[in-house]
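Take a look at the structure set out below.
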Amino acid sequence: MRSVLREMLKQQTARDKQALAGPSSLASGCDACVAYALTNIPEPEERPYWLGAVIGTAVHLLTEKRVAKHLPEAMTEVNLHVGDLEGYGEIRGTVDFYENGIVRDWKGTDRKKKPGLLKAYDAPTPVEGEPNTAKEARLKLRGYVGQMHLYARALVELGHKVDQVVLEFFCRDGSGDDDIFTMEYQYDPEFAEAIWNRVVYIWNNLYDEKWASDPYCVACALR
């Protein structure tokens, strides 16, 4: 039987059709993933596990609507010029929230991944004897923090003050307050510049070097 709900939820958005790589992929802690994103290889049209991303989009849209009503002084869905790569194009990204020197982004996850993310936040360097899931979470979190620093760097270039970047996670399979958790970082302009310079370096040497996959990169393992 036809499902109108499935048809509507699978409609592509402007972000789905984005041709060039954005901060979320270019800030990855895995060199191979950054190089892969810059080759412009399109994702398969039919992805079997697509619903989680749609739920995340729905949360973003609802939050944006409510912020406009309750926090009208804040900036939401700010489309930013992150930088230019000669011979590739303009890198742009959209940050979810900015107000009073704080940049925030909403990140969807699952309950089973929450403990690993929290451990990675509490212990940013590897701990002896920790499971591989902790190393995978740390790599993922490093990419998120790098992404936020690229957004912050772009806001600073526009003349905005940035003191802090904040990741706010929501569990797509959650049920209450404990399924939303926050991670705060001081903005480090030198780290932001290093993230961007790494992107430029990989692009300029894209086919001259063999870009290694991080041993704990889930995306590479699935590719």
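For the reader, a short list of remarks on this structure follows.
- Estimated from helices alone, the mean residue ellipticity of the chain at 222 nm is -13000 deg cm²/dmol (sum of -39500 (n - 2.57) over DSSP H runs with n ≥ 4, per residue).
- Histogram of C-alpha separations across the chain, 10 Å bin width, %: 7, 30, 39, 21, 4, 0
- Cysteine residues of the chain whose C-beta has no other cysteine C-beta under 4.7 angstrom: CYS171.
- The distance linking the stretch 177-223 with the stretch 102-141 is 14 Å (Cα centroid to Cα centroid, whole angstrom).
- For the chain: relative contact order, % (alpha-carbon pairs under 8 angstrom, 6 or more apart): 25
- For the stretch 15-222, a simple Cβ point-charge model (Lys and Arg +1, Asp and Glu -1, everything else neutral) yields a dipole of about 440 debye relative to the Cα centre.
- Loop-located GluC sites (Glu not before Pro) in the stretch 109-185 (DSSP state not H, G, I, E or B) with no more than 10 neighbouring Cβ atoms inside 10 Å: GLU128.
- Among the listed pairs LYS69/LYS112; LYS10/LYS113; LYS10/LYS107; LYS107/LYS140, those beyond 23 Å (Cα-Cα): LYS69/LYS112; LYS10/LYS113
- Cβ-based net charge around GLU193, under 12 Å, with every Lys or Arg adding one and every Asp or Glu removing one: -1
Read-outs throughout are calculated quantities, based only on the coordinates presented, and are distinct from any laboratory measurement. From a predicted model like this one, the values you see are computed outputs, not experimental measurements. Note that each Cβ is placed from the backbone with ideal geometry, even for glycine, and that neighbours are counted across all protein chains shown.
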